[in-house]
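Step one of this worksheet: look at the structure below.
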Amino acid sequence: MNKKIKFAIIGTGMIAERHAAAITEIPEAELYAVYDKNKCRAEEFTKKYPVKVYRTFQELLEDSQLTAVTIATPTGVHKEVAVPCAEAGKHILCEKPLDITLEKADAIIDACNKNGVYLSAVFQARFSDQVKLIKEALEAGRFGKLVLCSAQVKWYRSQEYYDSAGWRGTWALDGGGALMNQSIHIIDLLLYLAGEPEMVHAFTGTITHERLEVEDNACASIKFKNGALGVIEASTSCAPGFPRRLELSGEKGSVILEDDSITRWQFVDVLPEDETIRSGQSAASSLKSGAGDPRGGSHEGHRRQLLDLINAINNKQQPSIPGSEGRRAIELICGIYESAKTRKAVRFA
C-alpha cells in the first residue's frame, strides 16, 4: 500500500486556497506544510489549514519528509522556485502558466527531467468530463474535418483586483494580462482539441483599466496546421463577466462548451448517446470558473489533477499534463504578443 504523498504549498495567495482544499479531499495526499516569503501571510493561512510553516525556502528543500510541492507564487518567479525544488527531488504541480517565457518554462522542464521528478502543469479544465466527451468525439472522427475553432473569455476584473497585488498586470511577474492570466486555460483547451497552430495575427489593447502594463483586451486570428481557422477573444473588461466559451465546428458536426457545460452537441451522423449528452446541457458544473470574481472558481479540477500526479508518482509514469504540454499555450500566447507588437503575422515552427 502506498504511503500518503506529503505536499507543501509554496505561496499562500489567492490560488493557494484552492490547492489546499483539493489536497485535503484526497485520501492519498497530506497537506504537510506551506512556505511564503511573507511570513505573516503564511501564518494567517495556517489558521484555516493548521500545518507546518517553513521559516526559509532552504528548510523546505532540505526536508526529507516532503515528497511534492504545489507552486502558487506569482508567475514570474515560478522558475526560481521550481528549479531548486526539482534539484531537491520534489515532484511539482505548477500553477498556470509554467512561467512567463518559453526559456524559463523550458528551464523548469529540463530541471525536472534531469532530476527524475514529475512535473504537472496546471490545466485542470482538461479533467472535465465534458472535455473528455469532446476529445473522444474528435478522435472518433465525428467532426469530420475541422473548419472553425474559437475560444472566448469575456470576463470582468475590477480596478481593485489589479491594485490589490503589486505583481498583477505586470510583464515581469504576471507575464501578460487577459491572455496569459485569465484566458490561458481556454487557450490550452483550444490547442488540446483543435491541434497545433501554424500562424497567428493579433491585436491587443489596454482599454478600461488604469496603471496596467499589460493588455485587458485581445483578439487573435489563427490558422491551424490541420487547415482549420480560429479566433481567440480575451477580456477582463466585460461586465459583469460571462462564461468562457469554446466552439468547435466541423463538416460533420459542431460542439459548444460554456464553462464546463456542453450547450451544443450536434452531429450529422447521430448516435444513441447524443440525446443523453444534450439532456445534460443545463446540469450544474462541478468545475466552475471565475467569470466575474477570481475567487468564484471550483477546486474540483485541481483535485482531479493532483490525484493524477499522485498516481504518476506511485506508478512511476508521466502525469497526464507534463511540462511539455504546459509550454504549448505559452508559445501561442507569446506569439500573439509578438504579432500585436509588430503588427505582423507570426509563424510557428
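The values are calculated or read from the model by the stated rules, or taken from the named source; none is laboratory data. Keep in mind that what you see is a predicted model, and the values were worked out from it rather than measured. We place every Cβ from the backbone using ideal geometry, glycine too, and count neighbours over all the protein chains shown.
Below is a table of values for the structure above.
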read-out: Positions within region 225-249 being within 15 Å of L191 (Cβ to Cβ) and surrounded by fewer than 21 Cβ atoms within 10 Å (Cβ to Cβ), in sequence order; value: K225, N226, L229, V231, E247
read-out: Filter result for A218 (in contact with a Lys or Arg (Cβ under 9 Å, 6 or more places away or on another chain) and assigned to a strand (DSSP E or B)); value: no
read-out: Residue count, region 1-30 (criterion: in a loop (DSSP other than H, G, I, E, B) and either without any contact (Cβ under 8 Å) to a residue 24 or more places away in the chain or touching a helix residue (DSSP H, G or I) at 6+ places or on another chain (Cβ under 7 Å) (or both)); value: 9
read-out: Number of the condition not met by G144 [criteria: (1) part of a loop (DSSP other than H, G, I, E, B); (2) buried (at least 21 other Cβ atoms within 10 Å of the Cβ)]; value: (2)
read-out: Unmet criterion (only one of (1) outside any strand (DSSP E or B); (2) of a type outside the set (A, V, I, L, M); (3) in contact with a strand residue (DSSP E or B) (Cβ under 7 Å, 6 or more places away or on another chain)) for E210; value: (3)
read-out: Selection status of K48, charged (D, E, K, R) and either in the same structural domain as N311 (by TED's automatic domain parsing) or surrounded by 14 or more Cβ atoms within 10 Å (Cβ to Cβ) (or both); value: yes
read-out: Any hit, region 150-161, residues being free of Cβ contacts under 8 Å to residues at least 60 places away in the same chain and part of a helix (DSSP H, G or I); value: yes
read-out: The listed residue being over 25 Å from N115 (Cα atoms) and not in a helix (DSSP H, G or I), out of A340, A349; value: A349
read-out: Hey, K252 assigned by TED's automatic domain parsing to the domain that holds A68, modelled with pLDDT of 95 or more and either over 16 Å from A121 (Cβ atoms) or loosely packed, with under 14 Cβ neighbours inside 10 Å (or both) or not; value: no
read-out: From the options A111, A125, A107, residue that is under 20 Å from the mean Cα position of the chain (by Cα) and surrounded by 20 or more Cβ atoms within 10 Å (Cβ to Cβ); value: A125
read-out: Filter result for the condition that a residue is of a type outside the set (D, E, K, R), modelled with pLDDT of 95 or more and in contact with a Lys or Arg (Cβ under 8 Å, 6 or more places away or on another chain), over L133, L102; value: L102
read-out: Which numbered condition Q266 fails, given (1) exposed (fewer than 14 other Cβ atoms within 10 Å of the Cβ); (2) at pLDDT 95 or above; (3) outside any strand (DSSP E or B); value: (3)
read-out: Region 308-324, residues that are at negative phi and surrounded by fewer than 20 Cβ atoms within 10 Å (Cβ to Cβ); value: D308, N311, A312, I313, N314, N315, Q317, Q318, S320, P322, S324
read-out: Unmet criterion (only one of (1) within 16 Å of I333 (Cβ to Cβ); (2) among the aliphatic types (A, V, I, L, M); (3) at pLDDT below 95) for L189; value: (3)
